[in-house]
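First up is the structure itself, then whatever we jot down about it.
The values are calculated or read from the model by the stated rules, or taken from the named source; none is laboratory data. Just so it is clear, the model here is predicted, and its values are computed rather than measured. Neighbour counts run over all protein chains shown; Cβ positions are idealised from the backbone, glycine included. Just the protein is used for accessible areas: all its heavy atoms, side chains included, with ligands, DNA and RNA removed. Shrake-Rupley method; radii C 1.70, N 1.55, O 1.52, S 1.80 Å.
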Amino acid sequence: MSDNGIATLRVSGLVKRYGDVAALRGLGFEIGSGEIVGLLGPNGAGKTTTIEAITGLITPDEGEIALCGVDIRRHPRKARARIGLALQATGLPDRVTPREALALFARLYHVRPDIPALLDRFGLVEKADAAFEALSGGQKQRLALALAFVNDPALILLDEPTAGLDPHIRQTLHGHIRAMREAGRSILLATHDMAEAEQLCDRVIVIDRGIVVASGAAAALTGQVRLSTRVQVQTDREAGLAELAGAELFEAQGCAIRFRTMQPHRAIEALVAALDARGVVIVSMQMGAATLEDVVLDLTTAGRGA
Amino acid sequence: MSAIAGHAWLMLRLNFRNRLAIIYGYLFPLVFLAAFWVLYRHEPDPLFAHMGELLTVTALGGACFGLPTALVAERERGVWRRYQATPQPTGAFVASVVASRYLLLLSAGIIQIGIAMAFGMAVPGDPPGLLLAFTVVSGAFIGLGMVVAMLAGSVPAVQALGQCIFLPMLMIGGVAIRVESLPDWAQHVAAFFPGRYAVAAIQQGMTGGALHANWFGLVALAVTGLAGGIVAASLFRWDNRRRRPRMSGLILGVGLWLAIGIVAQLQGRAVMAHDWPDRADVGGPERYVEAERVRPPPRVAAHAAGTGSGSARGLRAASWRDVQESDIAQVAFERLPPDAGLVAPIAPRGTLQDGAVAAQIATIRQALAAWPPAREPDMLQRTRNYLAVAAVPDLLQMDPLEQHLPWLIFDRLRQDIPPADLRRIFYWIAMHPDEGEDSAIGQLAMLGLPAVQGPTGRVRERIMLYAFKLLGRLESRQPAG
C-alpha cells in the first residue's frame, strides 16, 4: 500500500478468454508501494496474460485493474504512462542504439530523463552507440530494464527478465531490480526461476489456470506447505517399489526413488526395510525442507500431473 | 520534437542504416532509370515521356514492399508490442510510419528526377503539380502497403502479397504497359487499379498539363489511399496474433475500391483510344515530296553536303529565297501523319473547350512576346524557333495542349512574316530539318514548357512535320480550321 492507503496495483476479478479457453478466471491481487512481488506458476497459468492485461496489451473480458487508483481500462494511456515494462524478449529495431532507444522512449512517454545517467546506471555507457543487434543477451536485458525506468514509473512489470542469461549477468540484473525497489518502485516479476523469486521477492503470488492459488512471503509459503520434507534416494538396482508407508507423491524410476513426507523417520524406516527385503542397496540419499519450487509444484495442476 | 516526429525521424535514420532498404528504395529505381535511358539510346525525351511510369514504379515498390517489410519485421521481433505499451495512441505510430515512408518515397523520386535531368531530361513542366500528384500517388500506395503489412504474418509473406499487387499493376494495371496499348478487357480491369491513375497524374505534372484535367485520376488515387487505410485499420494488429477484423471497415474499404473501377466504367473512362508507337520513324523530307524532286542536281548536292544528310534531300534552291512554286507544288501533303493521330497532331480550329488548356495557351502567347528566340532577326531561324514551340509538346505527348498549340504558332508566324516568305521558309525548313540552330529548344521553360536537353534529332523531325503541315494550311492543301 502507498502512504495514502491506495495499493500501487489492484487487480480484481480479471477474466480473459481466448475462444473456449479461459486464460484468466477471476484473478485478483494487490501490490503495495516499494514491493517486489513474484508472479509464479507453470506454463499456461496466466502470468504473461496477466502482465499483458495490466499493460493494456490485451483487453480483459471482465474485471478491474487500478494503478495508483486510476482505472487502467478507462484511462489506459494515463496508466501506461506510469508503468515500466520489460518483456521476455526486448523488442527493438535491430539497428537502433541504446542511446537512441532511450531518447525515443523518452519522447513516447513525454519525459526528459537523464539519458547518460541511465546508460551509466545500467552499465551501457560503452555500448551506448552500438546497434541493438550487436548487444549481448545481458546487455539487451539491461537496456530493457533501462527502458522500463525511462518514464520514472510507479509500477514496473518484468516478464522473465533474466531467462536464458548466465548466472553472473543474472546477479547483475538482480542488483538493478533491487535498486528499483530501493528507488520506491513497485515491481511485479513473472518468473519460472524459483531461486530468483526467493532471492528477490518480498512476496510471491502463485497462479494456476488463471486464478491465484497462494500468496505470501516465500518463507511463509514453504513453511505452510503440507509435505515439508523431500527425500531422494539412489539405489544400486531397480527396487520395484510402487508405494511406501508414510510417503506421498511417491515416484520410482529406475534406480531413483523420490517422495515427500510429513513423517520422515517412519517413511525412511519403511524404505530401508523394503529395500533390505529385496536385497537392494542404497547408494545415496538426500533429504531437505520443501522449497518454493515444491510449493508451486504442490499447489499447481502441472505439479500434480493434472 | 513530438513523439510522432521523433519516431518518424528515427525510422528514417534506421532506414539509411539498412543496406537492403537503400538498395531496394534508391538503387533499384536508379538502375531502372539508367537501363531505360540506355535502352532508348540515351535520348532524354523518352525519359520525360515515361517519367510517370518510372516514378510510379518507385512509389509502388517503396510502398508495397519497403513499408510492409520494415513494419512486419519489427512486428515479428515484438517492437510494435513494446510500442503498444507506451501511452501513445495507435494513430501516432501509424502517422509516423506513413510520414517517414512518404519522405523516403519523395526523396527517391527527387533523386530519380535529378538523375534523369542529368541525363538530359527536360525540367518538369509543373513542379508543384508534380509534387501534388506524387503525394497523392504515394498516399494511395502507402494505403495498399499498410494492407499488405496487416495481412502478412512474416517478411516472406510480404514478398508474396506484395507481388500480388505489384505484378498485376505492372502488367495490366497501366504501369509497365500503357493503358492505351492494352486490349479492351485489360483496360476494363485496369480501371480498378490505381497504377494507371498514378502514371497519368505524375505524367500530367511532368508535362505541365492542367492537373485538374485529370481530376478523376486524382480522386481515384485519394479514394484508393483512403480505402487502403480503412482496411488496414480494420485489420490492424500490434503483434503477429491475428485479430478478428472489423467487418464494417473491411466492407467499406473494399466497397470504396470497387466503386473507383465501377464509376470509371460507368463514365466511360475505362477504355482509352488505342495507342500506336509515338516513336514511329517519321522519315526524312523525301517521304513527303514527289519522287522526281528527290534527285538533286550536282551543284546543289555539293552545296548541301556540308550541311548534313537531311540537306541533300530533294533540293534545287540554294536558299529559302530561291524556292519556286514548282518546288512547293511537289509536296505530297496527303502523306503527312493524320492531324488526329499521335504524331504532329493538329486539332480542328475552335475545338478547344478545356479552360485550363486555353489558359495555358494564353500564357504561352503572352510569354512569346518576350521570348528571345521569337525576336531572332533571321526570319528562317525565327520560324524554326517558333515551330519548336509546337514540336516539343508533341514529342512529349502533352495532350491536349499539343493539338492546339500549332494554331498559336501558325497565327504568330502569319503576323510576323509576310505570307510569301513564310511559305518558302516553311518549305525550306521542312526540306532541311537538320539545318539551323536549335538553342530555342532549351529555352522553352520561359514559356512554361519543358525545356528539352540533349540530342534534338527527334525534335527536328517534328519541326519538319509541322513545317509541312502549316505550309499545307497556307497553301490551302491542308484543313485551315
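Annotations for the structure displayed:
- Number of the exception - A:GLU62 against (1) open to solvent by 20 Å² or more (accessible area, probe 1.4 Å); (2) under 26 Å from A:LEU14 (Cα atoms); (3) within 12 Å of chain B (Cβ to nearest Cβ): (3)
- Segment B:415-427 residues that are farther than 16 Å from B:LEU465 by Cβ, paired with ones that are assigned to a loop (DSSP other than H, G, I, E, B) and open to solvent by 40 Å² or more (accessible area, probe 1.4 Å) (beta carbon under 7 Å, 6 or more apart): B:ARG423/B:GLU475
- Residues that are among the aliphatic types (A, V, I, L, M) and open to solvent by 20 Å² or more (accessible area, probe 1.4 Å) were ranked within segment A:128-143; the one that is nearest to the other protein chains (Cβ to nearest Cβ) is A:ALA131.
- Any chance A:ALA53 is facing another protein chain (nearest Cβ under 10 Å), modelled with pLDDT of 90 or more and open to solvent by less than 50 Å² (accessible area, probe 1.4 Å): no
- Residue in segment A:205-218 that is assigned to a helix (DSSP H, G or I), surrounded by 18 or more Cβ atoms within 10 Å (Cβ to Cβ) and in contact (Cβ under 8 Å) with a residue 24 or more places away in the chain present: yes
The rows are residues; the columns are (1) more than 14 Å from chain A (Cβ to nearest Cβ); (2) surrounded by 22 or more Cβ atoms within 10 Å (Cβ to Cβ).
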| position | (1), (2) |
| --- | --- |
| B:ALA63 | yes, yes |
| B:THR90 | no, no |
| B:TYR102 | yes, no |
| B:ALA118 | yes, no |
| B:ALA122 | yes, yes |
| B:ALA133 | yes, yes |
| B:ALA157 | yes, no |
| B:MET169 | yes, yes |
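- Segment B:338-363 residues that are in the same structural domain as B:ASP411 (by TED's automatic domain parsing), paired with ones that are crowded, with 16+ Cβ neighbours inside 10 Å and of a type in the set (Lys, Arg) (beta carbon under 7 Å, 6 or more apart): B:ALA344/B:ARG462; B:ALA344/B:LYS469; B:ILE346/B:LYS469
- Some residue of segment B:139-153 being without any contact (Cβ under 8 Å) to a residue 40 or more places away in the chain and either surrounded by fewer than 23 Cβ atoms within 10 Å (Cβ to Cβ) or over 27 Å from B:PRO450 (Cα atoms) (or both): no
- Single unsatisfied condition, A:ALA89 versus (1) aliphatic (A, V, I, L, M); (2) more than 9 Å from chain B (Cβ to nearest Cβ); (3) without any contact (Cβ under 8 Å) to a residue 24 or more places away in the chain: (2)
- Cβ separations smaller than 9 Å between residues 6+ apart or across chains give the following pairs from segment B:20-39 residues that are in contact (Cβ under 8 Å) with a residue 60 or more places away in the chain to residues that are open to solvent by less than 90 Å² (accessible area, probe 1.4 Å) and charged (D, E, K, R): B:TRP37/B:GLU43.
- Strands (runs of 3 or more DSSP E) fully within segment A:234-306 counting 2 or more residues that are open to solvent by 60 Å² or more (accessible area, probe 1.4 Å): A:248-253, A:282-289
- Qualifying residues in segment A:66-83 (those that are more than 8 Å from chain B (Cβ to nearest Cβ) and in contact with a Leu (Cβ under 7 Å, 6 or more places away or on another chain)) - the one surrounded by the most Cβ atoms within 10 Å (Cβ to Cβ): A:LEU67
- Flag for A:THR48 being within 14 Å of another protein chain (Cβ to nearest Cβ), touching a helix residue (DSSP H, G or I) at 6+ places or on another chain (Cβ under 9 Å) and at negative phi: no
- Meets criteria (under 18 Å from the mean Cα position of the chain (by Cα) and away from chain B (no Cβ under 14 Å)) for A:GLY41: yes
- Scan of segment A:134-185 for residues that are farther than 13 Å from A:LEU118 by Cβ, among the hydrophobic types (A, V, I, L, M, F, W, C), part of a helix (DSSP H, G or I) and touching a Gly at 6+ places or on another chain (Cβ under 8 Å), ordered by number: A:ILE169, A:LEU173
- Extreme residue, least open to solvent (accessible area, probe 1.4 Å), among residues of segment B:18-32 that are within 14 Å of chain A (Cβ to nearest Cβ) and not basic (Lys, Arg): B:ALA21
- Against the conditions (1) within 22 Å of A:ALA81 (Cβ to Cβ); (2) open to solvent by less than 60 Å² (accessible area, probe 1.4 Å); (3) not in a helix (DSSP H, G or I), A:ALA23 satisfies every one except (1).
- Qualifying residue in segment B:240-249 (condition: in contact (Cβ under 8 Å) with a residue 60 or more places away in the chain and either within 24 Å of B:LEU396 (Cβ to Cβ) or not in a helix (DSSP H, G or I) (or both)): yes
- Some residue of segment B:444-459 being within 24 Å of B:GLU325 (Cβ to Cβ) and assigned to a helix (DSSP H, G or I): no
- Of all the listed residues (B:ARG82, B:ARG77), the sole one being open to solvent by 40 Å² or more (accessible area, probe 1.4 Å) and either within 14 Å of chain A (Cβ to nearest Cβ) or closer than 17 Å to B:GLY174 by Cα (or both) is B:ARG77.
- Subset of segment A:56-100 [of a type in the set (S, T, N, Q) and modelled with pLDDT of 90 or more]: A:THR97
- Verdict on A:GLY164 being open to solvent by 40 Å² or more (accessible area, probe 1.4 Å), in contact (Cβ under 8 Å) with a residue 12 or more places away in the chain, of a type in the set (Gly, Ala, Ser) and more than 22 Å from A:GLY69 (Cα to Cα): yes
- Scanning segment A:96-127 for residues that are within 9 Å of another protein chain (Cβ to nearest Cβ), outside any helix (DSSP H, G or I) and crowded, with 17+ Cβ neighbours inside 10 Å turns up A:VAL96, A:TYR109.
- Segment B:332-373, residues that are under 27 Å from the mean Cα position of the chain (by Cα) and among the small types (Gly, Ala, Ser): B:ALA340, B:GLY341, B:ALA344, B:ALA347, B:GLY350, B:GLY355, B:ALA356, B:ALA358, B:ALA359, B:ALA362, B:ALA367
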